[in-house]
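Participant: Structure below; questions to follow.
The values are calculated or read from the model by the stated rules, or taken from the named source; none is laboratory data. Quick caveat: nothing in here was measured; it's all calculated off a predicted structure. Methodologically, a virtual Cβ is constructed for each residue, glycine included, from the backbone with ideal geometry; neighbour enumeration extends over all protein chains shown. Ligands, DNA and RNA are stripped out before the accessible areas are found, and what is left, the full protein with its side chains, is counted by its heavy atoms. Shrake-Rupley method; radii C 1.70, N 1.55, O 1.52, S 1.80 Å.
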Amino acid sequence: LDGQTQRILECYGSMVREYKNVMTGETVNVFVVSGPRGPIAVHTPEVCYSSSGTEPAGPRQATPIRNGDRTDNLWKVLFRAPGENDSIGFEVWYGWSDGGTWQAAEFPRAWLTDSLYKIQAAGPPAATGEKTSPVEDFLQQFLPELNEAAFNRRKQTPP
């Protein structure tokens, strides 16, 4: 992150990456940050993306990501350009963790933890007729790797 963003978030560490599916050409942008719960909790995509010329296409939805016997829950929100009532431009999934499961928390700022983690992933919405989007497909694979790297959790093999 740039210096100003690091100061605003008061973050301890961060990762910003773009991942590309070589089979489909679709990309997913991922942002992971850790820091004190106050600054990390209050910056949501609804605020950030709305200030850059897009608007939510509806309310956010808590959506489970299942991997083996583990279930993480992230907020999912669809965005569109203003006035584009029928067209979804992209979707964003986000949530927080204190080292446990990822949660679509209503009030993460109230968690009693000194260190809060946030993940945010953005990319194209699901194609017509598809059940999952590129972002959801990515998170299915990425979250177990992130959990292992960030929290030293043993990977769980799906049944």
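Participant: Which count do you get for residues in segment 93-104 that are surrounded by fewer than 20 Cβ atoms within 10 Å (Cβ to Cβ) and under 20 Å from G58 (Cβ atoms)?
Facilitator: Filtering segment 93-104 for residues surrounded by fewer than 20 Cβ atoms within 10 Å (Cβ to Cβ) gives 98-101, 103-104.
Okay, now just the ones that are also under 20 Å from G58 (Cβ atoms), so 104.
Within segment 93-104, residues that are surrounded by fewer than 20 Cβ atoms within 10 Å (Cβ to Cβ) and under 20 Å from G58 (Cβ atoms) number 1.
Participant: Give the residues of segment 24-45 that are of a type in the set (A, V, I, L, M, F, W, C) and either under 24 Å from E148 (Cβ atoms) or open to solvent by less than 20 Å² (accessible area, probe 1.4 Å) (or both), sorted by residue number. Even if it seems obvious, please write down each step before you answer.
Facilitator: Of the residues in segment 24-45, the ones of a type in the set (A, V, I, L, M, F, W, C) are 28, 30-33, 40-42.
The answer is V28, V30, F31, V32, V33, I40, A41.
Participant: Next question, about the same structure. Is it the case that segment 3-24 has a residue that's of a type outside the set (A, V, I, L, M), free of Cβ contacts under 8 Å to residues at least 12 places away in the same chain, out of contact with any Cys (no Cβ under 7 Å at 6 or more places or on another chain) and in a loop (DSSP other than H, G, I, E, B)? Don't jump to the end; show me each part of the working.
Facilitator: Of segment 3-24, the ones of a type outside the set (A, V, I, L, M) are 3-7, 10-14, 17-21, 24.
Cutting the leftovers down to free of Cβ contacts under 8 Å to residues at least 12 places away in the same chain gives us 3-7, 20.
Now drop any that are not out of contact with any Cys (no Cβ under 7 Å at 6 or more places or on another chain), which leaves 3-7, 20.
In the following step, the residues that additionally are in a loop (DSSP other than H, G, I, E, B) were identified as none.
Scanning segment 3-24, I find no residue that is of a type outside the set (A, V, I, L, M), free of Cβ contacts under 8 Å to residues at least 12 places away in the same chain, out of contact with any Cys (no Cβ under 7 Å at 6 or more places or on another chain) and in a loop (DSSP other than H, G, I, E, B), so the answer is no.
Participant: Mind checking which residues of segment 2-23 are at pLDDT below 90 and open to solvent by 70 Å² or more (accessible area, probe 1.4 Å)?
Facilitator: D2, Q4, Q6, R7, I8, E10, Y12
Participant: Please state which of the following conditions L74 fails to meet, knowing it meets all the rest: (1) exposed (fewer than 13 other Cβ atoms within 10 Å of the Cβ); (2) out of contact with any Pro (no Cβ under 7 Å at 6 or more places or on another chain); (3) part of a strand (DSSP E or B).
Facilitator: L74 satisfies every listed condition except (1).
Participant: Can you spot a residue in segment 67-77 that is touching a Leu at 6+ places or on another chain (Cβ under 8 Å) and more than 15 Å from L146 (Cβ to Cβ)?
Facilitator: Scanning segment 67-77 turns up no residue that is touching a Leu at 6+ places or on another chain (Cβ under 8 Å) and more than 15 Å from L146 (Cβ to Cβ).
Participant: Of everything in segment 76-118, what is among the β-branched types (V, I, T) and under 20 Å from E55 (Cα atoms)? Give them in sequence order.
Facilitator: Result: V77, I88, V92.
Participant: From the list F107, F138, F142, F79, exactly one residue is open to solvent by 70 Å² or more (accessible area, probe 1.4 Å) and at pLDDT 80 or above. Which is it? Can you show your working first?
Facilitator: Values: F138 fails: open to solvent by 70 Å² or more (accessible area, probe 1.4 Å); F142 fails: open to solvent by 70 Å² or more (accessible area, probe 1.4 Å); F79 fails: open to solvent by 70 Å² or more (accessible area, probe 1.4 Å).
Selected residue: F107, the only one of F107, F138, F142, F79 that is open to solvent by 70 Å² or more (accessible area, probe 1.4 Å) and at pLDDT 80 or above.
Participant: Looking at segment 123-132, is at least one residue surrounded by 14 or more Cβ atoms within 10 Å (Cβ to Cβ) and of a type in the set (V, I, T)? It would help to see each step written out before you state the result.
Facilitator: So in segment 123-132, the residues surrounded by 14 or more Cβ atoms within 10 Å (Cβ to Cβ) come out as 123-126.
From the residues that got through so far, the ones that are of a type in the set (V, I, T) too are none.
The answer is no; no qualifying residue exists.
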